[in-house]
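Just below is one structure, and these are the notes that go with it.
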Amino acid sequence: QLQLGESGGGLVQPGGSLTLSCAVSGFALNYHTIGWFRQAPGKEREGVSCINFGAGHTKYVDSVKGRFSISRDSEKNTVYLQMNRLKPEDTGVYYCAARFGGQLLLHEKQYNYWGQGTQVTVSS
């Protein structure tokens with residue numbers, strides 16, 4: 001019933017920018033947290049950022065602070081991840097996920113609903 005769909009991935013050169021979108025359907029999101037995760041080849045899945053949909057509070061992993069920005073559009077039930085000054089180590093499949101509750105958690109096991117992922121490749 002609750003479904004998430006990511007879009008916006010692609011190939012970009014180092015230093016470039018991309019904006020990812022996560023459209024959520026099925027339920028109202030006032031009591032949910034939406035997170036962005038990524039998984040690089042041969043690496044564990046990593047929490048990148050999350051947002052309390054009702055209050056708009058945010059959290060970022062240290063490696064993306066100052067470069068990435070998470071936001072939401074309450075009218076559209078959509079969460080965005082603006083990625084700037086991209087680095088090759090940002091490469092991976094990016095997933096959005098949802099969990100009930102407002103805690104700003106970046107642990108994948110705390111999230112119940114997942115999108116299919118979108119590929120982000122940062123390379124010259």
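The values are calculated or read from the model by the stated rules, or taken from the named source; none is laboratory data. Quick caveat: nothing in here was measured; it's all calculated off a predicted structure. Because the Cβ atoms are built from the backbone with ideal geometry, glycine has one as well, and the counts that use them run over all protein chains shown. To get the accessible areas, we keep the full protein, side chains included, count just its heavy atoms, and leave off ligands, DNA and RNA. Shrake-Rupley method; radii C 1.70, N 1.55, O 1.52, S 1.80 Å.
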Next on the checklist: Among the residues that make up segment 17-36, is at least one of them modelled with pLDDT under 95, out of contact with any Leu (no Cβ under 9 Å at 6 or more places or on another chain) and at positive phi?
Outcome noted: no
Checklist entry - Restricting the search to segment 55-114, which residues are of a type in the set (A, V, I, L, M, F, W, C) and open to solvent by 50 Å² or more (accessible area, probe 1.4 Å)? => result 55, 100, 114
Item to check | Residue list for segment 115-124, restricted to those being surrounded by fewer than 16 Cβ atoms within 10 Å (Cβ to Cβ) and small (Gly, Ala, Ser) | outcome: 123, 124
Next on the checklist: Contact list please: Cβ distance under 6 Å, first residue in segment 1-26 and under 16 Å from residue 113 (Cβ atoms), second residue open to solvent by 60 Å² or more (accessible area, probe 1.4 Å) and assigned to a loop (DSSP other than H, G, I, E, B), pairs at least six apart or on different chains.
Outcome noted: 2/27; 26/1
